[in-house]
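What follows is a short report on a single structure.
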Amino acid sequence: MKINKSMKKIATLILGTLVLISCDKGKKNAPFELKGVLTDAKGETIILEKLISPQPIVVDSATINEKGEFEFVNYRPQIGFYRIKLSQSNFAMLVLDSMDKVSVTGSAKDLGNTYKVTGSDETKIFLEYNEFSKKRDKKLDSLNQVFYNLAESRQLNEKQRDSLSKTFEQPYTQIMTGFNDELSKKILANSDKYSSIMAIQGMEPDKFADIYKALDEGLQKKYADDKNVKMFHEIVVKMLASAIGQKAGEISLPNPDGKTIALSEFKGKYVLIDFWASWCGPCRKEMPSVVAAYAKYKNKGFEIYGVSLDQSKEKWVEAIAKDGITWPQVSDLKFWDSEPAKQYGVQSIPYTVLIDKEGNIIAKNLRGEELDKKLAEVLN
């Protein structure tokens, strides 16, 4: 498990890193409408929240009458992600725009699983994406249950479980490949839809660069002045700039002794850029594998360029010594504000980027057996 830079996310970028733009206070004669009818409700307060990092904010509220009816009249949104909420665990997600005339129906007992929406094309698309994910999750849950049942019935130890799990890799890959193929088609068909920003979050930029580009272009044409779309564009540009096949960006930072070491100094070798930190448990756990790979391949044209996201030089130096790290190490000691981390779009650590002799990115996030296998392939 990796240490994440931002909050664990329902939508990695939207709720964790994007800041939704402010919306105008509504007017009663504004064209926007948001109302509905809920069964199993009378007299409750229903809240409209704007989803913004780090916490949703309340922008309006309404009382459900004796017929189960409600209407929000004090707020007019601009395009963005919202939710109507009866309690912290009982809510419905919406994607609203200023000209929508939205009607919501459902049961107040389980709003999230029963609500239906008319009058909002963006919410309609959002719900379709949600159904895609539910179907995928149902298949994955079934696969996991089969694995669990087999492991328990055979009373397998940890090593045997690991061996069994490898036999499940192919069906897992088939499920995910089918899902991503369907999702890609859906996003391409809705490349100007705001809801697609959330749907694309689970797709790897290196594998689906064309989908990211298409969505970015479509959103910019439709929402050129939207702050979130501009931020999404910036993120996409950074992600694609460090995609496999691209030239690795230069890094030039001081080592623990204060000597500046540039990544370009190692041109002519295969270089693993290793983003890590002394405070990162998974990084430290992974380090023995990295040390072993370095010992095995360092005399075959391989180098590691460690980039630490530490803040404390003392703890950084202590971890270097304790973990037996002998390859070049650099850091600007800026934690998640590290310039190389921003440059390479690092969202979690450990994070690695493998570049070839010419400085081109050829792989990412290799570790353990995968790293050894790739190095054997390119160096032997």
Considering only residues that are more than 22 Å from the chain's Cα centre (by Cα) and assigned to a helix (DSSP H, G or I), which ones fall in the range 218-252? Lys221, Lys222
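Give the residue, chosen from Asp137, Asp162, that is open to solvent by less than 90 Å² (accessible area, probe 1.4 Å), part of a helix (DSSP H, G or I), farther than 30 Å from Ala92 by Cα and acidic (Asp, Glu). If you could, list the steps in order and put the result at the bottom.
Working: Asp137 fails: farther than 30 Å from Ala92 by Cα.
From the options Asp137, Asp162, the qualifying one is Asp162.
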Which condition does Thr105 not pass, out of (1) farther than 30 Å from Thr173 by Cβ; (2) surrounded by fewer than 17 Cβ atoms within 10 Å (Cβ to Cβ); (3) within 24 Å of the chain's Cα centre (by Cα), if it passes all the others? (3)
Only unsatisfied item for Ile3, checking (1) surrounded by 15 or more Cβ atoms within 10 Å (Cβ to Cβ); (2) at pLDDT below 95; (3) aliphatic (A, V, I, L, M); (4) under 20 Å from Thr123 (Cα atoms), is (4)
Within the range 188-206, identify whether any single residue is open to solvent by 40 Å² or more (accessible area, probe 1.4 Å), over 30 Å from Lys138 (Cα atoms) and aliphatic (A, V, I, L, M), and answer yes or no. no
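If I filter the range 316-333 down to residues being loosely packed, with under 15 Cβ neighbours inside 10 Å and of a type outside the set (Ser, Thr, Tyr), which single residue comes out as nearest to Leu375 (Cα to Cα)?
The residue in question is Gly324.
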For the range 334-349, what are the residues that are open to solvent by 10 Å² or more (accessible area, probe 1.4 Å) and under 18 Å from Ala248 (Cα atoms)? Glu339, Lys342, Gln343, Gly345, Gln347
Given the options Lys259, Lys269, name the one that is among the charged types (D, E, K, R) and in contact with a Phe, Trp or Tyr (Cβ under 8 Å, 6 or more places away or on another chain). Lys269
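Out of curiosity, is Ile251 at negative phi, open to solvent by less than 20 Å² (accessible area, probe 1.4 Å) and touching a strand residue (DSSP E or B) at 6+ places or on another chain (Cβ under 8 Å)? Break it down stepwise before answering.
On the way: at negative phi: yes; open to solvent by less than 20 Å² (accessible area, probe 1.4 Å): yes; touching a strand residue (DSSP E or B) at 6+ places or on another chain (Cβ under 8 Å): yes.
Criteria met by Ile251.
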In the set Tyr115, Tyr172, the lone residue that is open to solvent by 30 Å² or more (accessible area, probe 1.4 Å) and among the aromatic types (Phe, Trp, Tyr) is Tyr172
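The values are calculated or read from the model by the stated rules, or taken from the named source; none is laboratory data. Worth saying up front: this structure is predicted, and the values here are computed from it rather than measured. Every residue, glycine as well, gets a Cβ built from its backbone with ideal geometry; the counts of neighbours run over all protein chains shown. Ligands, DNA and RNA are excluded from the accessible area calculation, which covers all protein heavy atoms including side chains. Shrake-Rupley method; radii C 1.70, N 1.55, O 1.52, S 1.80 Å.
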